[in-house]
Amino acid sequence: MSKDGRHRFTENQKSLTALHIDGPAAVDPPSCHLVVGFDRGAGSHAALGFAVDFALHVHAGVHVAHSVDPNDLPIDPDSPNYEKELAAGLESERIQACAMLAPLPGNWSYDCTRDDPMRLLNSIAETYDALMIVIGTPRRGFISTMERMSGESVSAHLIHKSHRPLLMIPAQARSTGWTASP
């Protein structure tokens, strides 16, 4: 169980198995790798958009990490359609992520699991010896503030416990202004 107890929200989802998808292999190997945290939040969509655009310019591999969290879970845990609703929501997020990865010529992957998000991001970064980890900026609000203060937020954990550079992209960021074309 993770330090912040996130695992307790998904531990009863027995049918949820880890998903790993490899995108097409590009003709040339990537020059470096980026790991991107992904969820349904606007910040992580901006982070993935930035990472894809950046990867096109530096010929990087992009590896998306989606850790199932309470925001992914349907509202009513007693619903007879709970498992179907969970699966449909996760499938929708996978489709969105893969559509965002489509401009890349290859060398991308998508992972979705119940693992602790900090552990998942670090594990994938270690596997590919990633140049950096890219995430959306933390959400706002009281709970988010408390998580950051206690060191339990993803960004706080990565800042303090990862040896890799961390790039945080705000939800409203637009990755325009590149001076060279891919």
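Quick notes on this structure:
- Estimated inter-spin distance, Arg174 and Ala26, nm [label 7 Å along Cα→Cβ]: 2.6
- Positive contributions from Lys and Arg (+1) and negative ones from Asp and Glu (-1), summed over other residues with Cβ under 14 Å from the Cβ of Leu104, come out at -3.
- For Ile169, the residues whose modelled amide H falls within less than 5 Å of its own, excluding neighbours fewer than 5 places apart on the same chain, are Ile135, Gly136, Thr137.
- Net charge contributed by nearby residues that have their C-beta within less than 10 Å of Phe38 (K/R +1, D/E -1): -1
- In this view, the solvent-accessible surface of Met100, computed with a 1.4 Å probe and all protein chains in place, comes to about 50 Å².
The values are calculated or read from the model by the stated rules, or taken from the named source; none is laboratory data. The structure displayed is predicted, hence computed values, not measured ones. In this analysis, Cβ positions are derived from the backbone assuming ideal geometry, glycine residues included, and neighbour counts consider all displayed protein chains. Side chains included, ligands, DNA and RNA excluded: accessible areas come from the protein's heavy atoms. Shrake-Rupley method; radii C 1.70, N 1.55, O 1.52, S 1.80 Å.
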